[in-house]
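To keep things clear, I will list the structure first and then write my remarks on it.
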Amino acid sequence: MKACTILSISVFFATCCIAQNLSGLKDYLTNNSHPVTLNDFAEESGFFKSVMRGKTLFVFGEGGSHSLELNNEMRVYLLQEFSGMNLKYFFIEYGRTTAFNYNQDSRSMGVNFEYKGIDMESFRSFYIAVRRITTEVSPDGIDSIKLLHDILIDTSYLHYDNADRFRNQAQFLKLYAALVRLFLHDSSALKACLSPEHYRALGYFLSNPQTAPPEGNRNPGMAQNLLAEIVPVDTTATYLLDIGSAHSLLNRKQGVIGILNNTGVLSNKMMIMNVYCDNCSSHGELLKGSLMKFMKGSVLEAFRNSAKGDLTIFNLANVPAGLGYLREYGDLILFARNQQ
């Protein structure tokens with residue numbers, strides 16, 4: 001009888017605690033939700049300036065799917081928001097040649113920041129970048145320039161296997177390794193035939209430590225690339241990083257953000273906003289599953305009921321101790337509904 005009484009009391013208190021926590025969750029989310037209006041860049045400028053106090057790097061973790069149009073819209077939105085905060089570099093989950101091409105195309109647009117690619121080189125962007133810096137160069141007698149021209153002339157390597165981009169990338173990385181060796185061998189001759197700017201650019205393209213194929217572990221190389229660009233930190237500037245949430249979750253110690261958070265440069269200096277997609281679809285198929293493990297049941301319903309429109313930022317920086325699990329993935333969650 002005594003054991004039954006103790007069990008009943010335990011169940012009662014457990015039920016009360018769950019109810020109190022759920023009530024506290026709803027209250028916190030309601031009072032710390034910020035609607036996003038993509039075509040009104042002034043709407044949340046004060047919010048972003050506030051959360052970036054004492055921070056260096058703002059991380060946008062793309063959730064659900066890279067192919068969501070939401071990601072393109074959010075890049076424009078964030079660039080507008082951070083343009084008033086002395087944005088220096090916009091780090092992207094592409095290679096250095098992609099960033100080079102973006103920078104070349106944006107020069108005439110009065111852009112005040114630089115794109116920086118931290119991922120592996122892609123064969124298509126590498127092709128375009130190399131064409132830009134070697135078009136007027138004669139390949140005679142220089143093996144590395146000849147190989148570059150061979151790549152530019154013979155574009156069949158762009159179509160190894162349209163059904164297998166991993167195989168394409170693996171074959172391209174073999175060419176990339178050959179170019180690295182030839183660049184070192186022909187450095188003197190290359191300096192003589194390329195402009196100083198283009199010689200530095202080519203050397204930069206070919207010094208990318210991120211050479212893991214798409215199915216490999218790209219996190220260490222991407223973290224290394226970002227750190228190489230950001231040191232020494234410009235304390236008067238801010239930096240943006242757009243990356244998939246598989247790499248941007250704070251609790252993944254071997255992910256890009258987990259690695260960066262364990263460095264003296266960026267530890268506690270990042271503001272991380274990961275996207276949770278609710279009822280989103282890509283190419284006509286509903287996206288299922290989430291890397292945010294707590295987004296289910298009553299917790300998910302609390303987020304849904306507290307959201308102010310289809311795009312809502314929840315600021316979790318000051319959650320009470322009982323809700324500390326909400327910060328497992330970063331201080332901000334962009335709750336996105338009905339996106340395609």
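Below, the figures for the structure above:
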| item | result |
| --- | --- |
| The chain: relative contact order as a whole-number percent, Cα under 8 Å and 6+ apart | 28 |
| Reachable lysines, given that their alpha-carbon falls under 17 Å from the alpha-carbon of residue 88 and they are not under 8 places away in the same chain | 49, 55, 116, 269 |
| Of [x] 174; [y] 255; [z] 222, the label for volume of the Cα convex hull per residue in Å³ derived from the coordinates | [x] |
| Fluctuation leader among 95, 264, 330 - the chain, Gaussian network, Cα springs under 10 angstrom | 264 |
| FRET efficiency for residue 338 and residue 136, using Cβ-Cβ distance with R0 set to 35 Å, rounded to 0.05 | 0.10 |
| Rounded percent of accessible protein surface that carbon and sulfur make up, the chain, 1.4 Å probe | 52 |
| Neighbour cut-off at most 15 other Cβ (10 Å), DSSP loop, chymotrypsin sites (Phe, Trp or Tyr not before Pro), the stretch 283-340 | 294 |
| Whole-Å distance, taken between Cα centres, linking the stretch 273-307 and the stretch 104-137 | 35 |
| Inter-label distance, nm, simple model (7 Å from Cα along the C-beta direction), residue 107/residue 236 | 2.5 |
| Environment charge of residue 71, counting only residues whose C-beta is closer than 14 Å and scoring Lys/Arg +1, Asp/Glu -1 | -4 |
| Reachable lysines, given that their alpha-carbon falls under 18 Å from the alpha-carbon of residue 174 and they are not under 8 places away in the same chain | 146 |
| Per residue, in Å², the accessible surface of the chain once ligands and nucleic acids are set aside, probe 1.4 Å | 50 |
| DSSP-defined beta bridges in the stretch 189-340 - what % are antiparallel, rounded to 5 | 55 |
| The stretch 141-148 - phi-based ³J(HN,Hα) in whole Hz, Karplus 6.51/-1.76/1.60, Gly and Pro as x | x, 10, 4, 5, 5, 4, 5, 4 |
| The stretch 207-275: trypsin sites (Lys or Arg not before Pro) in DSSP loop, at most 14 other beta carbons within 10 Å | 253 |
| FRET E, pair residue 80, residue 23, Förster distance 51 Å, beta-carbon r, rounded to 0.05 | 0.85 |
| Computed helical MRE - 222 nm, the chain, DSSP H runs ≥ 4 contributing -39500 (n - 2.57), nearest 500 | -14000 deg cm²/dmol |
| Computed E for residue 143/residue 211 - FRET, C-beta separation, R0 22 angstrom, nearest 0.05 | 0.55 |
| Given charges at beta-carbon only (K, R positive; D, E negative), |dipole| of the chain in Debye | 960 |
| DSSP bridge orientation in the chain - percent antiparallel, rounded to nearest 5 | 30 |
| Gain in span if fully extended, residue 246 to residue 189, counting 0.36 nm per residue against the direct Cα distance | 16.3 nm |
| Net charge of neighbours whose Cβ lies under 11 Å from the Cβ of residue 338, counting Lys and Arg as +1 and Asp and Glu as -1 | -1 |
| Gaussian network model of the chain, springs between alpha carbon atoms under 10 Å - residue of 241, 22, 226 with greatest fluctuation | 22 |
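The values are calculated or read from the model by the stated rules, or taken from the named source; none is laboratory data. Remember, predicted model here, so these are calculated numbers, not experimental data. A quick note on method: Cβ atoms are made from the backbone with ideal geometry, for glycine too, and the neighbour counts reach across all protein chains shown. To get the accessible areas, we keep the full protein, side chains included, count just its heavy atoms, and leave off ligands, DNA and RNA. Shrake-Rupley method; radii C 1.70, N 1.55, O 1.52, S 1.80 Å.
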